[in-house]
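Here, each number is a calculation from the coordinates, and none is a lab measurement. The structure displayed is predicted, hence computed values, not measured ones.
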Amino acid sequence: MRVVLDTNVIVSGLLTPQGAPGQLLRLHAEGAFEMVLSPLLLEELSGVLERPHVMLLHERDLILGHLRSEATIVVDQAARHPSLPTDPDDVYLLDLAVNSAAILVSGDRALQRLAATALVLSPRALLEALSPDPENFEDAPESMAGLGHVPIVVDRARQTTLREVAG
């Protein structure tokens, strides 16, 4: 399963490892899914890591280097969705997910409402799909085999489920 983690999810995961975004970063490290990144996403992440309130400036190069080595880097393509009702700065994320046949995971509710355009889930929704017991993520990689039974509808217009997308 290919997954694009929005910058807000990556930063939240780094700052709060026990939360849903942090659990996703751990699951990725354990091989539960393939993370897809692009130069634009890495550039945005670099800028966010430099912000004083994030307090990860000193670890920025280490974090970016690790992500580059552990993720699939996809070249950004021209915007296919320039007129979507969302922050124009987020359109590249939708394009990255669609062009990479990946699930976009974001805490941004405006992006989550665009599920008819691309498969967009919250961090918690992806965790629930990866584990039959969302309260116990310790064995989540082993529970990936159970993904096929998850009937989460991700595109109501086409009745596409997470099982069909991940399959």
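Counting residues in region 1-72 as N, plug N into 2.2 N^0.38 Å and put the Cα Rg over that result. Cα-based Rg divided by the globular estimate yields 1.02.
The string of couplings for region 24-29 from the Karplus curve (6.51, -1.76, 1.60, θ = phi - 60°) is 5, 4, 5, 4, 4, 4 Hz, one whole number per residue in order, with x for Gly and Pro.
Karplus-based coupling profile of region 4-13, in residue order and whole Hz: 9, 8, 4, 3, 4, 6, 4, 5, 4, x, with θ = phi - 60° in 6.51 cos²θ - 1.76 cosθ + 1.60 and x standing for Gly or Pro.
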